[in-house]
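The values are calculated or read from the model by the stated rules, or taken from the named source; none is laboratory data. Computed from a predicted model, the values in this text were never measured in an experiment. A quick note on method: Cβ atoms are made from the backbone with ideal geometry, for glycine too, and the neighbour counts reach across all protein chains shown.
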Amino acid sequence: MDEFALIRHYFSRLTDNDASIVVGIGDDCAQLRVPPGMDLVLSIDTLVEGTHFLPGTDPGRIASRLMGAAVSDLAAMGAEPAWFTLALTLPSADEPWLAAFAESLGACARRFGIRLVGGDTTRGPLTLSVQVQGLVPAGRGLHRGGAGVGDLVCVSGTLGDSRAGLDIQLRADIQPDPLPATSQRLLQRFFAPQPRLSTGLLIADYASSCIDISDGLLADLGHILRASAVGARIERHQLPLSEALRAYTGIEQARDWALSGGEDFELCFTVPAARWETLAAQLQHHDVPVSCVGEILPASAGLRLENDGAAVQTPGLDAGYNHFAPAGGT
Ligand SMILES: Nc1ncnc2c1ncn2[C@@H]1O[C@H](COP(=O)(O)OP(=O)(O)O)[C@@H](O)[C@H]1O
Ligand SMILES: Cc1ncc(C[n+]2csc(CCOP(=O)(O)OP(=O)(O)O)c2C)c(N)n1
Ligand SMILES: [Mg+2]
């Protein structure tokens, strides 16, 4: 199957026609209509075999990990998903692989309400990029730079599960067979991140800053602190942990993974204390749990990790996953 037949067969048909798509797949560019009164937000994410997933990973799982992570950046901006483009670098045109990948990609796209409008296909080591585009009311959106002293630090969902899902894969040879349901859930958390789109929209009128957690809570909160020129304290005991994570590993390891495991694709956001009560009332009817895990402090405090109010560590703003860390990534 040649390059253009591949695009036509697996990808052109994933997209449905929509009035906002003036020109979709098949021309030099996609041409898209941004509604009046809205701003376009966009972001790109790449997955590389060996860096983001192990060789031999199921193609459907690669697609859900790719889409979940990419759309999560839209959630973190309080944006509504609109369109995406897909860049594929494939070692070969493996049809069963492509069929499974495209089916899962299409299912995620429908679930997240985002339409494929173009891409690029090349031969080479397995690498996949998704560029997402979304809409926010003009001049609005959630940013990293607005946290103020006294704001609460909140997170959606539970943290650390995805790191456990990676651990299960890295130690595949010592896992019980069949894998317990709790471990299956942790693998799902790694392979099928759920972008917190509805949470992002709900908090958009309340939060002073927001980021999605890809490199780990400490690392990503560090980006908020730097952009906002503030510090923070995080309460280790308050970290939201799933039953599945606690069943898989000890509580202290679970907390370490919640702090710096990464790839949670949950939202970390700050809320001015005066707005919290109103937001908390709204969150009671929301289907994603939200936990308060700390407080914004003056910049001089740095990032403090506490256990029941006692400082246990000042991890620094650079803790977490880094592709070019001196030791080759933590
Ligand atoms: N090669 C690059 N060229 C320009 N901007 C980049 C590049 N790589 C990353 N960025 C920008 O740097 C910021 C941080 O990137 P990253 O940590 O990857 O964000 P995220 O965790 O949201 O994917 C983002 O605004 C991103 O757009
Ligand atoms: C085989 C394998 N080893 C290690 C990891 C862990 N890991 C890889 S990248 C990453 C951080 C998130 O990826 P990145 O490309 O930095 O996402 P972004 O911050 O751009 O959203 C983590 C924790 C993994 N997912 N798979
Ligand atoms: Mg990135």
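Ala19 fails exactly one of the following numbered conditions: (1) of a type in the set (A, V, I, L, M, F, W, C); (2) over 30 Å from Ser209 (Cβ atoms); (3) buried (at least 19 other Cβ atoms within 10 Å of the Cβ). What is the number of that condition?
Ala19 satisfies all of (1) of a type in the set (A, V, I, L, M, F, W, C); (2) over 30 Å from Ser209 (Cβ atoms); (3) buried (at least 19 other Cβ atoms within 10 Å of the Cβ) except (3).
Looking only at segment 220-237, which residues are among the charged types (D, E, K, R) and in contact with a Lys or Arg (Cβ under 7 Å, 6 or more places away or on another chain)?
Arg233, Arg236
Take Arg115 and tell me if it is of a type outside the set (Gly, Ala, Ser) and free of Cβ contacts under 8 Å to residues at least 40 places away in the same chain.
no
Out of all the residues in segment 114-126, is one or more under 23 Å from Leu187 (Cα atoms), within 14 Å of ligand 2 (Cβ to nearest atom) and either among the basic types (Lys, Arg) or not assigned by TED's automatic domain parsing to the domain that holds Ser209 (or both)?
Looking for residues that are under 23 Å from Leu187 (Cα atoms), within 14 Å of ligand 2 (Cβ to nearest atom) and either among the basic types (Lys, Arg) or not assigned by TED's automatic domain parsing to the domain that holds Ser209 (or both), one finds at least one in segment 114-126, hence yes.
Any chance you could count how many residues in segment 94-149 are among the small types (Gly, Ala, Ser), buried (at least 21 other Cβ atoms within 10 Å of the Cβ) and within 28 Å of Glu3 (Cα to Cα)?
Of the residues in that region, 4 qualify.
Residue by residue, here is whether (1) within 16 Å of ligand 3 (Cβ to nearest atom); (2) of a type in the set (A, V, I, L, M); (3) touching a Leu at 6+ places or on another chain (Cβ under 9 Å) holds:
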| residue | (1), (2), (3) |
| --- | --- |
| Arg13 | no, no, no |
| Ile21 | no, yes, yes |
| Leu32 | no, yes, yes |
| Asp39 | no, no, yes |
| Glu49 | no, no, yes |
| Ala63 | no, yes, yes |
| Ala69 | yes, yes, yes |
| Ala76 | yes, yes, yes |
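Among the strands (runs of 3 or more DSSP E) contained in segment 215-324, which hold 1 or more residues that are aromatic (Phe, Trp, Tyr) and either touching a residue at least 24 places away in the same chain (Cβ under 8 Å) or surrounded by 14 or more Cβ atoms within 10 Å (Cβ to Cβ) (or both)?
Here the list reads 267-271.
Can we say Ala82 is aliphatic (A, V, I, L, M) and either within 16 Å of ligand 3 (Cβ to nearest atom) or out of contact with any Ser or Thr (no Cβ under 9 Å at 6 or more places or on another chain) (or both)?
When the stated conditions are applied, Ala82 does not pass them.
Based on what the data block shows, is Phe84 aromatic (Phe, Trp, Tyr) and in a helix (DSSP H, G or I)?
No: the conditions fail for Phe84.
Does Thr51 count as within 16 Å of ligand 1 (Cβ to nearest atom), surrounded by fewer than 21 Cβ atoms within 10 Å (Cβ to Cβ) and part of a loop (DSSP other than H, G, I, E, B)?
When the stated conditions are applied, Thr51 passes them.
Take Arg33 and decide whether it is charged (D, E, K, R), more than 16 Å from ligand 1 (Cβ to nearest atom), surrounded by fewer than 19 Cβ atoms within 10 Å (Cβ to Cβ) and free of Cβ contacts under 8 Å to residues at least 40 places away in the same chain.
yes
If you check Ala79 against the conditions, is it buried (at least 16 other Cβ atoms within 10 Å of the Cβ), away from ligand 1 (no atom under 16 Å from the Cβ), at pLDDT 95 or above and closer than 16 Å to Val132 by Cα?
no
Looking only at segment 5-43, count every residue that is more than 17 Å from Ala99 (Cβ to Cβ) and outside any loop (DSSP other than H, G, I, E, B) and tell me the total.
11
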